[in-house]
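My structure is below; once you've seen it, I'll send some questions.
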There are 2 protein chains.
Amino acid sequence: MHELIQHLFAPLLDNELLRQRDDSCRLEISAQSLAFTTDTFVVKPLFFPGGDIGRLAICGTVNDLAMLGAQPIYLSAAFVIEEGLPLEDLRRIVNSIRLASEEASVTIVTADTKVVEKGSADSLFINTSGIGLIPRDIHIAGQNARPGDRVILSGYIGDHGIAVLSQREGLRFQTEIESDCAPLNALVAAMLEVSSEIHALRDPTRGGLATTLNELAAQSEVGIKIDEEAIPVRDSVRAACEMLGYDPLYVANEGKLVAVVAPQVAETMVSRMRHERYGAKAAIIGEVIAGPAGRVLMTTKIGGTRIVDMLASEILPRIC
Amino acid sequence: MHELIQHLFAPLLDNELLRQRDDSCRLEISAQSLAFTTDTFVVKPLFFPGGDIGRLAICGTVNDLAMLGAQPIYLSAAFVIEEGLPLEDLRRIVNSIRLASEEASVTIVTADTKVVEKGSADSLFINTSGIGLIPRDIHIAGQNARPGDRVILSGYIGDHGIAVLSQREGLRFQTEIESDCAPLNALVAAMLEVSSEIHALRDPTRGGLATTLNELAAQSEVGIKIDEEAIPVRDSVRAACEMLGYDPLYVANEGKLVAVVAPQVAETMVSRMRHERYGAKAAIIGEVIAGPAGRVLMTTKIGGTRIVDMLASEILPRIC
């Protein structure tokens with residue numbers, strides 16, 4: 001364990017705070033409001049087109065912080081390693097963590113490593129917890145959606161879920177589908193420059209866009225109406241979903257966000273988002289309506305309206 | 001998953017902050033210095049005399065925060081659950097988490113749950129990360145031990161390791177040995193009332209007292225000399241260790257601390273500690289010496305001196 005830490009983790013993740021080597025890390029923070037979140041990543045397989053469990057573990061927690069409008073600053077990383085995990089795999093993953101942390105401008109300041117016997121875990125699980133600073137006057141929360149607000153989606157849906165599934169099942173499509181796994185904090189910071197009239201933000205991960213919209217509708221006690229035609233889905237993802245019997249609305253994303261914003265700022269917000277790397281395909285996909293409370297309705301391509309329900313059971317286990 | 005959260009976790013862990021149900025939890029903090037730590041618990045078996053993985057997960061992280069002199073306030077809890085874990089076991093564990101959180105005056109403000117297939121984890125792993133407030137003028141760190149400082153131990157060593165091992169191996173001793181698993185933040189707060197001249201604090205968990213003293217000696221670039229006679233070990237633990245071939249100095253504790261304090265406050269500190277529930281057997285066990293740097297020396301009962309080395313390999317895997 002000491003050798004793992006000294007020769008593998010330390011060189012890749014080294015920084016002044018992690019070097020404190022005390023039981024906790026001491027942090028100096030002057031902000032009034034902090035965001036704090038935790039997530040364990042158990043994705044299977046560890047490597048997939050467009051990412052790996054390391055990149056996922058950084059992006060997932062960075063994004064959860066960003067969804068409160070926070071600037072993510074400090075992360076923890078805790079590893080459960082199954083005996084026999086190839087060191088080279090672990091090194092690749094820790095290197096992904098380093099690269100993703102740099103991209104997201106976060107620092108891993110505290111870490112933990114546990115090794116368990118073969119058969120007691122599936123290769124590797126990573127928990128990341130994170131702290132972010134919430135700027136003054138920013139009050140983004142799932143309960144703040146109001147009738148009339150516009151619903152913005154930052155880009156194509158379904159990429160992560162289909163990329164992981166195709167890797168897991170050994171499926172090959174004509175076009176390789178890559179996970180969208182990405183840190184969204186720079187995108188959120190750009191959005192907050194446009195206006196603080198962002199009422200709710202959420203990243204549609206497990207359960208996909210449909211689940212996220214249902215959660216927001218329930219928390220805010222409003223209805224949400226979306227337009228099927230407006231939702232960006234890649235042809236390759238749509239084709240894969242058709243083949244596999246999935247609805248892209250329920251497939252996980254790891255680099256997308258849903259924003260509920262005041263109507264008067266929606267157009268400017270989308271224009272600004274499109275200048276950002278991870279918002280190039282941003283679009284207004286619907287609006288918040290007074291009711292039925294907790295319901296998500298969708299205008300379909302053929303002109304009808306259907307209810308988009310919460311996912312009853314997880315269609316893709318171990319997707320993150 | 002939703003049902004687990006709604007019916008099992010929520011009723012036991014409910015609080016206003018956890019109820020926010022956003023991707024992160026928003027916290028208002030005015031302090032300048034924070035402590036932040038993470039730990040994953042993979043102890044086997046889940047239940048042992050004196051505690052379970054739930055109590056351990058709270059105490060472990062609370063104690064890591066307390067070892068910087070911080071007042072622990074907010075914790076995260078992330079569960080990896082193997083399919084087939086009896087719900088009743090999970091309920092008992094989550095209830096332990098609730099009770100230990102109450103005892104330690106901490107609040108779980110953000111949580112995560114992942115269920116993996118049978119065979120992909122060993123029953124249950126819990127990660128807790130935590131945030132604590134470090135009072136002004138407190139600068140406790142592993143590198144601050146100075147020659148002349150006294151080394152205080154808060155009580156009996158070896159209880160946790162032997163309790164877990166005996167449960168795991170089905171061993172029975174005449175007297176049941178219980179884990180010492182306990183939150184030490186109240187003890188540390190009482191110690192800080194006596195004096196801020198606490199230079200280093202550490203809880204001797206994995207690797208036991210010997211490993212902790214070696215870490216402190218290395219970080220502070222000093223020697224440490226301890227007196228074997230002064231180290232409190234229960235007769236039952238000593239007997240079990242002799243039978244099993246272990247040295248109590250290397251056996252894990254989960255409710256003990258080592259304090260390195262200025263010589264002039266050591267006696268008063270120990271007296272105060274003895275009034276605390278988890279410090280009743282506190283004793284001065286040695287002192288910091290100029291050198292050899294990084295070395296721990298022990299005056300043995302028969303009057304000789306021996307080097308107490310770092311543990312070369314983990315004698316008891318999955319002890320926490």
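The values are calculated or read from the model by the stated rules, or taken from the named source; none is laboratory data. Source: prediction; values computed, not measured. A quick note on method: Cβ atoms are made from the backbone with ideal geometry, for glycine too, and the neighbour counts reach across all protein chains shown. We work out accessible area using only protein heavy atoms, side chains counted, and drop any ligands, DNA or RNA first. Shrake-Rupley method; radii C 1.70, N 1.55, O 1.52, S 1.80 Å.
Taking +1 at the Cβ of each Lys and Arg and -1 at the Cβ of each Asp and Glu, which of A:VAL43, A:ILE93, A:LEU68 sits farthest along the dipole of chain A towards its positive end, judged by Cα position relative to the Cα centre?
Toward the positive end, the furthest listed residue is A:LEU68.
May I ask you to give the percent of accessible area on region B:187-274 that is carbon plus sulfur, with a probe radius of 1.4 Å?
Accessible surface attributable to carbon and sulfur in region B:187-274 totals 42 percent.
Something else now. Quick one: accessible area per residue over region B:117-221, 1.4 Å probe, rounded to a whole number of Å²?
Per-residue accessible area for region B:117-221 comes out at 35 Å².
Defining the label point at 7 Å along Cα→Cβ, can you sort the distances from B:GLU242 to the same site in each other copy, shortest first, in nm?
So the distances to the same position in the other copies read 7.9 nm.
Using a probe radius of 1.4 Å on heavy atoms only, what accessible surface per residue do you get for region A:1-99? Whole Å² is fine. Spell out each step's value before the answer.
Details: 3580 Å² over 99 residues.
Roughly 36 Å² per residue, with all protein chains present.
Residues of region B:34-59 that become at least 10 Å² less accessible with every protein chain present than in their own chain isolated, using 1.4 Å: which are they?
Relative to the lone chain, where solvent access is computed with a 1.4 Å probe, region B:34-59 loses at least 10 Å² at B:LEU34, B:PHE36, B:THR37, B:THR38, B:ASP39, B:THR40, B:VAL42, B:LYS44.
All other residues with a Cβ under 14 Å from the Cβ of B:GLU178 taken together, and with Lys, Arg as +1 and Asp, Glu as -1, what is their net charge?
Summing Lys and Arg as +1 and Asp and Glu as -1 gives -1.
Something else: What does the structure give for B:129-136 when I average, per residue, the other chain Cβ atoms found within 10 Å of the residue Cβ?
4
I'd like the residues of region B:177-205 whose 1.4 Å-probe accessible area shrinks by no less than 20 Å² going from the isolated chain to the full set of protein chains.
The answer is B:ARG202 - residues whose exposure falls by at least 20 Å² when every protein chain is included.
I'd like the carbon and sulfur percentage of the solvent accessible area for region B:108-152, probe radius 1.4 Å, heavy atoms only, ligands and nucleic acids excluded.
46
Could you tell me how far the Cα centroid of region A:89-164 sits from the Cα centroid of region A:9-58, in Å?
After rounding, the separation between the Cα centres reads 9 Å.
What residues have an amide H closer than 5 Å to that of A:THR113, excluding those fewer than 5 places away on the same chain, when H is modeled at 1.01 Å from N in the peptide plane?
For A:THR113, the qualifying residues are A:PHE79.
Is there a simple number for the mean count of other chain Cβ atoms within 10 Å of the Cβ of residues in A:70-82, and what is it?
3
Run the numbers on chain B and let me know its relative contact order in percent, using alpha-carbon pairs under 8 Å that are six or more apart. Walk me through the intermediate numbers first.
Numbers: 746 pairs, mean separation 75.5, N = 320.
The value is 24 percent.
Shape of region A:163-318 from its Cα gyration tensor (a ≥ b ≥ c, root eigenvalues): rounded if a/c is under 1.5, otherwise prolate when a/b > b/c, or oblate?
oblate
Please determine, in degrees from 0 to 90 and to the nearest 10, the orientation of helix A:208-220 with respect to the longest principal axis defined by the Cα atoms of chain A, where the helix direction is its Cα long axis.
Taking Cα atoms only, the helix is inclined about 70 degrees.
Find the relative contact order for region A:1-130 and round it to a whole percent, using C-alpha pairs within less than 8 Å whose residues are 6+ positions apart. Write out the running numbers ahead of the final one.
Numbers: 192 pairs, mean separation 49.7, N = 130.
Relative contact order here is 38 percent.
Still on this structure: Shortest first and in nm with one decimal, please list how far the B:GLY119 label point sits from its counterparts in the other copies (point 7 Å along Cα→Cβ).
Those separations, rounded to one decimal, come out as 1.1 nm.
Quick one: Kirkwood hydrodynamic radius for region A:218-303, alpha-carbon pairs, angstrom, one decimal?
After inverting the pairwise mean of 1/r, the radius is 14.6 Å.
Related question: Rounded, prolate or oblate for region A:1-72? Axes are the square roots of the Cα gyration tensor eigenvalues, ordered a ≥ b ≥ c, and the cut-off for rounded is a/c under 1.5.
oblate
Using a 10 Å cut-off on Cβ atoms, rank the peptides B:233-240, A:157-164 from the highest mean neighbour count down.
Per-residue mean Cβ counts within 10 Å order the peptides as A:157-164, B:233-240.
At a Förster radius of 56 Å, what calculated FRET efficiency corresponds to the Cβ-Cβ distance of B:GLN174 and A:GLU16, to the nearest 0.05?
Efficiency computed from Cβ-Cβ geometry: 0.65.
On to the next question. Tell me, Kirkwood radius of the protein assembly as shown from alpha-carbon pair distances, in Å? Spell out each step's value before the answer.
Details: mean 1/r = 0.0390 Å⁻¹.
Kirkwood hydrodynamic radius for the protein assembly as shown: 25.6 Å.
Quickly estimate the mean residue ellipticity at 222 nm for chain B, helices only: each DSSP H run with n ≥ 4 gives -39500 (n - 2.57), and the total goes over all residues, rounded to 500.
Only helices count here, giving -8500 deg cm²/dmol.
Okay, moving on. Enter the angle in degrees (range 0 to 90, nearest 10) between the Cα long axis of helix A:53-66 and the first principal axis of the Cα atoms of chain A, meaning the one along which they spread out most.
50
Compute the label-point distances linking B:ARG92 to its equivalents in the other copies; points lie 7 Å from Cα along Cα→Cβ; give nm, one decimal, shortest first.
4.2
Calculate how many DSSP beta bridges within region A:71-227 are antiparallel, expressed in % of all such bridges and rounded to the nearest 5.
55
Could you please put B:THR37, B:THR268 in sequence from largest to smallest accessible area, using a 1.4 Å probe? Display every interim value, and only then the final one.
Details: B:THR37 0, B:THR268 80 Å².
The ordering from most to least exposed comes out as B:THR268, B:THR37.
Calculate, for A:THR305 and B:ALA312, the FRET efficiency according to 1/(1 + (r/R0)^6) with r their C-beta to C-beta distance and R0 60 Å; round to the nearest 0.05.
0.30
Let me make sure I get this right: for chain B, a, b and c are the square roots of the gyration tensor eigenvalues over alpha carbons, sorted descending. Under 1.5 in a/c it's rounded, otherwise prolate if a/b > b/c, else oblate. Which is it?
Here chain B falls in the oblate category.
What is the average number of partner chain Cβ atoms found within 10 Å of a Cβ in B:108-118?
Mean shielding by partner chains, rounded to a whole number: 5.
Using the Karplus curve 6.51 cos²θ - 1.76 cosθ + 1.60 with θ = phi - 60°, what ³J(HN,Hα) values do you get for each residue of region A:156-173, in whole Hz, with x for Gly and Pro?
4, 9, x, 4, 5, x, 6, 5, 5, 4, 5, 5, 5, 8, x, 7, 10, 10
Which links in B:LYS114/B:LYS256; A:LYS44/B:LYS114; A:LYS114/A:LYS256; B:LYS225/B:LYS301; A:LYS225/B:LYS114 stretch past 21 Å when you go from one Cα to the other?
Correct reply: B:LYS114/B:LYS256; A:LYS114/A:LYS256; A:LYS225/B:LYS114.
Can you tell me the orientation of helix B:235-244 relative to chain B, as the angle in degrees between its alpha-carbon axis and the longest Cα principal axis, to the nearest 10?
80
What does the charge dipole of region B:115-172 about its Cα centre add up to, to the nearest 20 debye, if the Cβ of each Lys and Arg holds +1 and the Cβ of each Asp and Glu holds -1?
The calculated dipole for region B:115-172 is roughly 140 debye.
Interface A/B, total buried accessible area with a 1.4 Å probe, nearest 100 Å²? Could you put the intermediate results ahead of the total?
On the way: alone 14900 and 14860 Å², together 24700 Å².
Looking at A and B, the buried total is near 5100 Å².
Something else now. Which cross-chain or sequence-distant (5 or more) residues have an amide H under 5 Å from the amide H of A:ILE108, H modelled 1.01 Å from N in plane?
The list, which skips near neighbours in sequence, is A:LEU75.
Just to confirm a number: summing +1 for Lys and Arg and -1 for Asp and Glu over residues other than B:ALA240 whose beta-carbon lies under 15 angstrom from that of B:ALA240, what do you get?
Local net charge: -4.
I've got another one for you. Could you pull the Cα extents of region A:135-207 along its three principal axes, largest to smallest, in whole Å?
Projected onto its principal axes, the Cα set of region A:135-207 covers 48, 25, 17 Å.
Then there is this: For chain B, with only Lys/Arg (+1) and Asp/Glu (-1) charged at the beta-carbon, what is the dipole magnitude about the Cα centre, in debye rounded to 20?
On the way: 29 positive and 42 negative charges, 85 e Å.
For chain B, the charge dipole is close to 420 debye.
Report, by chain and number, residues whose modeled amide H sits under 5 Å from the one on A:GLN71, excluding near sequence neighbours (fewer than 5 apart, same chain).
A:LEU133, A:ILE134
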